[in-house]
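The values are calculated or read from the model by the stated rules, or taken from the named source; none is laboratory data. The structure displayed is predicted, hence computed values, not measured ones. Methodologically, a virtual Cβ is constructed for each residue, glycine included, from the backbone with ideal geometry; neighbour enumeration extends over all protein chains shown.
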Amino acid sequence: MGGTMAARIYLAGFDTYYADAMVQTDAVRQLCADLGFVSVFPAQVVIDSSGEVSPELAATIFQRDIDLLRTCDIVAASLFSSDGVESISDIAFELGYAHALGKPLYAYSPREMEGSYGDCVGVPINRMLSVPATMVYGNLTECLQRIRLEVADGIAA
């Protein structure tokens, strides 16, 4: 990216919920750096062993994620878990919020879903995600490579 400031990418998705997410963070940060990006992860907080989140902590996480989204240039979101379950509501919200801010959206999935979703024939996921986001059928690396090819140089200041 030749002496310019690296584009900041907000990384949303199931990856942040995996048990080894914190271990994988360093590898993802390095991958992003190798491609000329700065990786930004949703607010990472320690949740007590009960798994319960108080209303206060939920509000804090929400505000931190909104603040992080505002600082980013691009959003890359994993829409499907390895077992093929569709995106969860917080990822959809993050994409919608980023779209409202005018951020380029990229979403990735390990495979293209077949058939139709609701009343949209040929649309692999809900149109409220598939229309504003560029879909990449592959993994995070493939998604980041596509972003690098398509928009990163134009975004870096």
(message) Given the criteria surrounded by fewer than 20 Cβ atoms within 10 Å (Cβ to Cβ), under 14 Å from the mean Cα position of the chain (by Cα) and either among the small types (Gly, Ala, Ser) or at pLDDT below 70 (or both), does Gly122 qualify?
(response) no
(request) Spot the failing condition for Leu105; the list is (1) buried (at least 20 other Cβ atoms within 10 Å of the Cβ); (2) modelled with pLDDT under 95, and only one is missed. (result) (2)
(request) Please find, within the stretch 54-75, the residue that is farthest from Ile9 (Cα to Cα) out of those that are touching an Asp or Glu at 6+ places or on another chain (Cβ under 8 Å) and part of a helix (DSSP H, G or I). (result) Asp65
(message) Whether any residue in the stretch 86-94 is surrounded by fewer than 21 Cβ atoms within 10 Å (Cβ to Cβ), at pLDDT 90 or above and either of a type outside the set (Phe, Trp, Tyr) or more than 20 Å from Arg29 (Cα to Cα) (or both) is what I want to check.
(response) yes
(message) I'm checking my understanding of the structure. Among residues of the stretch 27-59 that are modelled with pLDDT of 90 or more and among the polar types (S, T, N, Q), which one is surrounded by the fewest Cβ atoms within 10 Å (Cβ to Cβ)?
(response) Gln30
